[in-house]
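Down below is the structure, laid out as C-alpha cells.
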Amino acid sequence: MSYLVAANWKMNKTNAQTVEYLQIFKKLYREPLPNVEVMVAPPFTSLSTASIQLRDSLIKLGAQNMHFEEKGAFTGEISPYMLKELNVEYVILGHSERRHIFGEKDEVINKKVLSAIKHGIRPILCVGETLEERELGKTLNVIERQVRSGIAGLDKDVFLVDIAYEPVWAIGTGINATPDQAQEVHQFIRELLKSISKESDNGCRILYGGSVNENNAKELIKEKDVEGFLVGTASIDPERFYKIITHCLEA
Ligand code: PEP
C-alpha cells in the first residue's frame, strides 16, 4: 500500500496563487515516486484552475468538503457532481475545523462519506480528540465513536476510505503528536477497522495530521501504522510540502 501525503490549503490561495504554487510544485515533483501518492486540496474557487494545472500530472486533486446531496436548494454548498466534473478524486470530510467551527455532527459526516463513495470520490475521514478529552483519558473512546459513526453503513466498502488521525490540539498549533502518541492511536484505528471489516486491510490508509512539517515528518513516518500525512500550514509552501513527501520516500 502506498503512502498518501495530502495538502489541505484551507482558506488560502487565490486562482493566481494556485497557478503559481502548482507550477513550482510540478517542477519539484515530476518523477513518479514508488511508494507515495500526493494530493492537493485547494479551496473550491481554485479547483477548476487546479484541475487544468494538474491535467496529465502525478498529483491528485482533492476538495476540502462536500455536501451529501447531488443538487438542490442548499445555498453555498458544493455537490459531489460538481466535484466529479473537475476530476476531484479525494474529499476531506469531518475536518476538525468543520466539526468545531461549523458544528458538523457525526451523522452528517457519515452521510457525506457515503455520498462521496457513491460518486466515486475517495473520502479522507478526519477524526481526533480535543486536549480536554485527551487529559480526561477519553482519546480512544472519542476516536472509536468518530470512526464507527463516520464509516457506518459501508460494510465491505470500508477499504474505499482513508482515515486521518488529527488531534485537535495539534492542528495549526505547532505542537505535533509525538511518534509514540500517533502510533498508539493509529494502531487502535487499524485494529478497530479490522474488527469492523477485514476488507479494511486492502487499502484503508491511516494518515497523521497536526503540525506536520519538514522537520518532524521523518520520525513520524517511521511508525508502523502511520501511512501518510494530512498537512495544513506546511503545505501552503510547495518546497516545504515537497520535503515532507521526500521523507516518506526514505521510510
Ligand atoms: C489540517 O488542517 O488538516 C492540519 C493538520 O493543519 P496543520 O498542519 O496546520 O496542523
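Here MET82 sits with roughly 90 square angstrom of accessible surface, probe radius 1.4 Å.
Candidates GLY128, ALA116, ASN8 compared by Cα position along the dipole of the chain: farthest toward the positive end lies ALA116, with charges placed on Cβ. When the solvent-accessible area of the chain is split by element, carbon and sulfur atoms take up 51 percent of it, the probe being 1.4 Å.
Sum -39500 (n - 2.57) across every DSSP H segment of at least 4 residues in the chain, then divide by the residue count to get the 222 nm mean residue ellipticity, nearest 500. After summing the helix terms and dividing by residue count, I get -11000 deg cm²/dmol. Measuring how big segment 44-103 is from its alpha-carbon positions, Rg and Dmax come out at 12.4, 37 Å.
Taking only alpha carbon atoms, the chain gives an Rg to Rh ratio of 0.93, where Rh is the Kirkwood radius. Close lysine pairs were tallied over segment 89-159: pairs 8 or more places apart or on different chains with Cα atoms under 25 Å apart number 6.
Using C-alpha pairs under 8 Å with a sequence gap of at least 6, the mean separation divided by the residue count of the chain gives a relative contact order of 21 percent. On the principal axes of its alpha-carbon atoms, segment 103-215 has extents of 36, 30, 28 Å, going from largest to smallest.
Per residue, the solvent-accessible area of segment 132-229 (1.4 Å probe, heavy atoms of protein chains only, all protein chains present) comes to 44 Å². Taking only complete DSSP H runs, can you tell me which helices of the chain stretch 24 Å or more along their own long axis by Cα positions and average at least -1.0 on the Kyte-Doolittle scale? Length and hydropathy pass: 179-196. The phi torsions of segment 39-50, fed into the Karplus equation with coefficients 6.51, -1.76 and 1.60 and a -60° offset, translate into couplings of 10, 10, 10, x, x, 3, 5, 9, 5, 5, 4, 5 Hz, rounded to whole numbers, with Gly and Pro shown as x.
Along the axis of the charge dipole computed for the chain (Cβ charges of +1 for Lys and Arg, -1 for Asp and Glu, origin at the Cα centre), the listed residues THR246, ILE143, TYR29 are led at the positive end by TYR29. Magnitude of the charge dipole for the chain, about its Cα centre and with charges confined to Cβ atoms of Lys, Arg (+1) and Asp, Glu (-1), is about 480 debye.
Loop-located GluC sites (Glu not before Pro) in segment 10-93 (DSSP state not H, G, I, E or B) with no more than 13 neighbouring Cβ atoms inside 10 Å: GLU70. For GLN17 and LEU58, the difference between the fully extended length at 0.36 nm per residue and the C-alpha to C-alpha distance is 12.8 nm.
Solvent exposure of TYR90, expressed as accessible area, is near 10 Å², computed with a probe of 1.4 Å over the protein chains only. Largest to smallest in accessible area, the residues ARG99, ARG134 fall in the order ARG134, ARG99 (1.4 Å probe, all protein chains included). Going by accessible surface with a 1.4 Å probe and the largest first, ASP162, ASP237, ASP56 read ASP56, ASP237, ASP162. Tell me the trypsin sites (Lys or Arg not before Pro) within segment 145-251 that lie in a loop according to DSSP and have at most 10 other beta-carbon atoms within 10 Å. When the trypsin sites (Lys or Arg not before Pro) of segment 145-251 are filtered for loop state and at most 10 Cβ neighbours within 10 Å, LYS224 remain.
The values are calculated or read from the model by the stated rules, or taken from the named source; none is laboratory data. Fair warning: this is a prediction, and the values are worked out from it, not measured in the lab. Please note: Cβ atoms are built from the backbone with ideal geometry, for glycine as well, and neighbour counts cover all protein chains shown. Quick note on the areas: whole protein, heavy atoms, side chains included, nothing else; ligands and nucleic acids left out. Shrake-Rupley method; radii C 1.70, N 1.55, O 1.52, S 1.80 Å.
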